[in-house]
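Undergrad: Got a structure for you, written out below as structure tokens; questions coming shortly.
The values are calculated or read from the model by the stated rules, or taken from the named source; none is laboratory data. None of the values given here were measured: they were computed from a predicted structure. Methodologically, a virtual Cβ is constructed for each residue, glycine included, from the backbone with ideal geometry; neighbour enumeration extends over all protein chains shown.
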Amino acid sequence: MDNLLEVRDLRKFFPIKKGLFSQTVGQVKAVNGVNLDIKRGETLGLVGESGCGKTTVGRSILRLIEPTSGSVKFEGKEVTAMGPSEMRHLRREMQIIFQDPYSSLNPRITVGGMLSEIIKFHKLRKNDEEVQKRVQELLDIVGLRPEYARRYPHEFSGGQRQRIGIARALSVEPKFIVCDEPVSALDVSIQSQVINLLGDLQREFALTYLFIAHDLSVVEHISDRVAVMYLGEIVELADAKDLYANPKHPYTQALLSAVPIPDPRRRRERIVLAGDVPSPANLPSGCYFHPRCPKVMADCKVTHPVLGDDGSGHVTRCLLYPESIPAGSVTMNGAPLKQARA
Ligand code: SF4
């Protein structure tokens, strides 16, 4: 599979301003050097607690917010360098499904009106009759009845609104969709229906997804690979089966310990993390996870681990693994750190 999307050293810093003259007194490092490849046709799950930067990654890729620096290539073309007309074309190829579709739907326009406006704006059908046919087709694709085209957003349930959000994303026939916590606001019983629908649509229309969630259980069945984020960085990325069976980073292990196992004979010990996620405006020294890590060592407070590959494509950012130790780093006692861990 070739890469549809390549993200390199993506950063998004938000300035902290204070005082009468709004002087910049610091920066919130929401995304701090993220590298990702997303293969054509795959689902990459992106998981982490609230405030870890995952939504900012999704929006920076789409340039809904401008990244501070870094490169985003879609089908080999640099997205961050595109002008308005190229971006308008790209908006058709790359779409987003929001957590709360209601806030992004115009309450005064019917669902049919909203979908036909998009189809006409992008000149995707020749005449009104074809536009209306396409609206009906889109509603059918997402499992909504044709007469719903005449309804307004407030007349739908949460699950139905999310289906409308999906229909809106599909209306421009995209190749890539950022699914930004698409089921977090829904009842558990509805969540699996929406996830199944997204899976079916992916197969039918050869879609590629970046699926953002704060819970590893949500992305387990839909993801081919999963990346875990903490304080603006990827701390682990692996094939989904491998990550769930063999989580290496202590943060992933803690997130996974909160996922219930359906088989009562198998048990997973719950790892409760101490404290809250530190502020991205004031990052900890060394490994950013060290103030909460159950396996913290003295060296973790001074050495920032790199994202290292164990040779199988399973990458981890943790000094417990030699591949994550930066070249030339030494222990607190001055000995080479790599040799000490090997
Ligand atoms: Fe924990 Fe140290 Fe690994 Fe960071 S580097 S995750 S603090 S063991």
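Undergrad: Quick check on the stretch 306-327: of everything there that is crowded, with 22+ Cβ neighbours inside 10 Å and either hydrophobic (A, V, I, L, M, F, W, C) or under 12 Å from Gln339 (Cα atoms) (or both), which residue is farthest from the ligand (Cβ to nearest atom)?
TA: Within the stretch 306-327, the subset crowded, with 22+ Cβ neighbours inside 10 Å is 315-319, 324-325.
Of the ones still in play, those that are also either hydrophobic (A, V, I, L, M, F, W, C) or under 12 Å from Gln339 (Cα atoms) (or both) are 315, 318-319, 325.
Numbers: Val315: 14, Cys318: 3, Leu319: 4, Ile325: 9 Å.
The selected residue is Val315.
Undergrad: If you check Ile234 against the conditions, is it hydrophobic (A, V, I, L, M, F, W, C), surrounded by fewer than 21 Cβ atoms within 10 Å (Cβ to Cβ) and either touching a residue at least 12 places away in the same chain (Cβ under 8 Å) or under 21 Å from Pro174 (Cα atoms) (or both)? Talk me through it step by step, then tell me what you get.
TA: On the way: hydrophobic (A, V, I, L, M, F, W, C): yes; surrounded by fewer than 21 Cβ atoms within 10 Å (Cβ to Cβ): no; either touching a residue at least 12 places away in the same chain (Cβ under 8 Å) or under 21 Å from Pro174 (Cα atoms) (or both): yes.
Considered against the rule, which asks whether it is hydrophobic (A, V, I, L, M, F, W, C), surrounded by fewer than 21 Cβ atoms within 10 Å (Cβ to Cβ) and either touching a residue at least 12 places away in the same chain (Cβ under 8 Å) or under 21 Å from Pro174 (Cα atoms) (or both), Ile234 comes out as no.
Undergrad: Let me confirm something: among Arg268, Arg203, Arg225, which residue is at pLDDT below 95 and closer than 29 Å to Ser312 by Cα? Write out each step before concluding.
TA: Values: Arg203 fails: at pLDDT below 95; Arg225 fails: at pLDDT below 95.
After applying the criteria, what remains is Arg268.
Undergrad: Just need a number here: residues in the stretch 228-263 that are within 16 Å of the chain's Cα centre (by Cα) and more than 16 Å from the ligand (Cβ to nearest atom).
TA: Adding up the residues that qualify gives 2.
Undergrad: Next up: Against the conditions (1) buried (at least 19 other Cβ atoms within 10 Å of the Cβ); (2) farther than 24 Å from Ala206 by Cα; (3) among the basic types (Lys, Arg), where does Arg161 fall short? Just the number, please.
TA: Just one mismatch for Arg161, condition (2).
Undergrad: Something else now. In the stretch 273-293, what residues are exposed (fewer than 15 other Cβ atoms within 10 Å of the Cβ) and within 7 Å of the ligand (Cβ to nearest atom)?
TA: none
Undergrad: Continuing with the same structure: Quick check on my filter: what residues within the stretch 134-158 are within 29 Å of the chain's Cα centre (by Cα), surrounded by fewer than 19 Cβ atoms within 10 Å (Cβ to Cβ) and part of a helix (DSSP H, G or I)?
TA: Taking the stretch 134-158 and keeping what is within 29 Å of the chain's Cα centre (by Cα), we get 135, 137-144, 153-154, 156-158.
This time we only want the ones that are surrounded by fewer than 19 Cβ atoms within 10 Å (Cβ to Cβ), so: 137, 140-141, 143, 154, 157-158.
If the condition is that a residue be within 29 Å of the chain's Cα centre (by Cα), surrounded by fewer than 19 Cβ atoms within 10 Å (Cβ to Cβ) and part of a helix (DSSP H, G or I), then Glu137, Asp140, Ile141, His154, Gly158 are the ones that fit.
Undergrad: Take the residues of the stretch 246-272 that are over 16 Å from Met229 (Cα atoms) and either polar (S, T, N, Q) or in contact with a His (Cβ under 8 Å, 6 or more places away or on another chain) (or both): which is surrounded by the fewest Cβ atoms within 10 Å (Cβ to Cβ)?
TA: Initially, the stretch 246-272 is screened for residues over 16 Å from Met229 (Cα atoms), giving 246, 257-272.
Narrowing further to those that are either polar (S, T, N, Q) or in contact with a His (Cβ under 8 Å, 6 or more places away or on another chain) (or both): 246, 257.
Working: Asn246: 13, Ser257: 15.
So, considering only residues that are over 16 Å from Met229 (Cα atoms) and either polar (S, T, N, Q) or in contact with a His (Cβ under 8 Å, 6 or more places away or on another chain) (or both), the one surrounded by the fewest Cβ atoms within 10 Å (Cβ to Cβ) is Asn246.
Undergrad: Can Val296 be described as modelled with pLDDT of 85 or more and within 16 Å of the ligand (Cβ to nearest atom)? Show your work before the answer.
TA: On the way: modelled with pLDDT of 85 or more: yes; within 16 Å of the ligand (Cβ to nearest atom): yes.
Answer is yes for this residue.
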